[in-house]
Amino acid sequence: MAKDYLLEKLKELLFEEQDAKTKELLKRVDKVEQGLNVRQELESKIAPILEDNTHYLQQNFNILFGKTVTKTMKRQIEESKDEVVEALYPIIGRMIKKYVIKEFELLSERVDRQMEQVFSWDNWIIRVKSWFGGPSLAHVMASRFVEPALEEIFVIEQLSGLLLGSYSKESAFDQDMMAGMMTAIKSFAQDALSKETQQLEIVEYETYKLIIKDFSSFYVVAAVSGPLNPHFKNKLDDTILAFVNRIINTPTMKQGLVSLDKQVIVGNLETYFSQINDSEQ
Amino acid sequence: MNSKKVILLGKYGVGKTSLIRQFMHKEFSDAYLTTIGVKIEKKIVTTNEGPLAMIIWDIAGESSHRKIPPSYKLGSQGIIYVFDLSRLSTYEALDRELSDLKTLLPNVPISLVGNKKDLLNEKDLDTIAAKLPLVDVTFISARTGENVEKLFHDLALAMVR
């Protein structure tokens, strides 16, 4: 018994210092562990380092990654050529088409101005012809490249927006719905501007123009593509007026639009308007 | 083919566009997308007088139809006035709304429609029906499609009569 006691005492004397060191070491390990596992403590230590690094990256991004990013993008574009072309092609196409048409309109104006100053027999002959109802000189020159074309024509009842008749070279959209939407747009413009005596006359969409001609109980919409020149506009106006006077404003038709024979309108629209593009060339 | 303009009126959120969608495409969506201005749809309905093209103007909802441009309504040959059975505010002033419409468009058939029938029970529906100014009201559900076809078919018949 005494032997055991003495042995225990000896152990205590021999390992006392070692025990103290071990306990101290364990405390430190606990502290480090807490520093790593508790988010706030870890953040307070790491945040300044990360901030410095972020700042450094921001300042030197171009030097560090510029070449890699450029190379990656080049490779990506190279590998996805088809997709890139597919995405850009329609946009570029429309831009070019719009630009060309606009340029032709400007060219047409410039040529007109130029020709007014030119004094030659040939020019006089063409000019005399244009004075007598023929196309303008500028138009003769410009028309060799781009022509306006009548794509569709609609006769629409004023209030209801119901389609009374239409003629179209090739139509992809439902014409009854087109007539309704046109009437809604017209009504909106009229209500929004609060000018009942004024009417919406033209709607432009890229290279298309919707020309609107109002009559008392109906209106006519002509969808025209290409640069609209005064000669074509006059011809279109004349044809619309002739059509309205000879087909719609007849004594029988005047009885009321409800009784209008739509087939008569449709048939005559084709007769009157199918030739308008041919006679331009 | 004979065509008729039909306008769809009612306060916002009552389900006018959902009704059209159910009628046109037999579809329903819980997503609410407000109508901007006006949207035009066309559907051919067969009547005893032959086929009839209904050109339907789905007009954006307002707190009162008085705020809708009159030109959208003029020339209409049929009116569908929709209210929400689960929202009292959409049908409490029906008297005035319908009277205005009758003054603006005399002799034009009006279909009064209570939508969202699927959210109420029969007892609630009877209570609501008793408060309404018109006896002839159709309770429908744009969600389930209940009475939707009938509503348009009845209006088509009233228009060709």
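Remarks
- Gyration tensor (alpha-carbon) shape descriptor, the stretch A:2-70, a/c threshold 1.5: prolate
- Label-point separation in nm, A:E43 to A:A20, each point 7 Å along Cα→Cβ: 4.0 nm
- The modelled label-to-label distance between A:I202 and A:R75, using points 7 Å beyond Cα along the C-beta direction, is 5.3 nm.
- Comparing A:N37, B:V6, A:V224 along the charge dipole axis of the protein assembly as shown, the residue lying farthest to the positive side is A:V224, per the Cβ-charge model.
- Exposure of B:K67 as accessible area (Å², to 10), given a probe of 1.4 Å and all protein chains: 130 Å²
- Accessible carbon and sulfur surface of the protein assembly as shown relative to its total accessible area, %, 1.4 Å: 56 percent
- Amide H to amide H, with H built 1.01 Å from N, B:R143 comes under 5 Å of B:K116, counting only residues 5 or more places away or on other chains.
- Two-site FRET efficiency, A:Y99 against A:Q59, from Cβ-Cβ distance with R₀ of 41 Å, rounded to 0.05: 0.45
- All other residues whose Cβ lies under 14 angstrom from that of B:K117 are scored, Lys and Arg at +1 and Asp and Glu at -1, for a net of -1.
- Taking both sides together, the accessible area buried where A meets B is about 1300 Å² for a 1.4 Å probe.
- Separation of the stretch B:115-161 from the stretch A:41-111 is 56 Å, based on Cα centroids.
- Cα gyration tensor shape for the stretch B:2-160, rounded if a/c is under 1.5, else prolate or oblate: rounded
- Label-point separation in nm, B:D30 to A:E86, each point 7 Å along Cα→Cβ: 3.4 nm
- Average accessible area per residue (Å²) across the protein assembly as shown - probe 1.4 Å, nucleic acids and ligands excluded: 63 Å²
- Normalising the average separation of contacting C-alpha pairs (under 8 angstrom, six or more residues apart) by the number of residues puts the relative contact order of chain B at 29 percent.
The values are calculated or read from the model by the stated rules, or taken from the named source; none is laboratory data. Just so it is clear, the structure is predicted and the values come from calculations on it, not from any experiment. Cβ: placed from backbone, ideal geometry, glycine included. Neighbour counts: every protein chain shown. The protein model used for the area step is the full one, side chains on, heavy atoms only, and it has no ligands, DNA or RNA in it. Shrake-Rupley method; radii C 1.70, N 1.55, O 1.52, S 1.80 Å.
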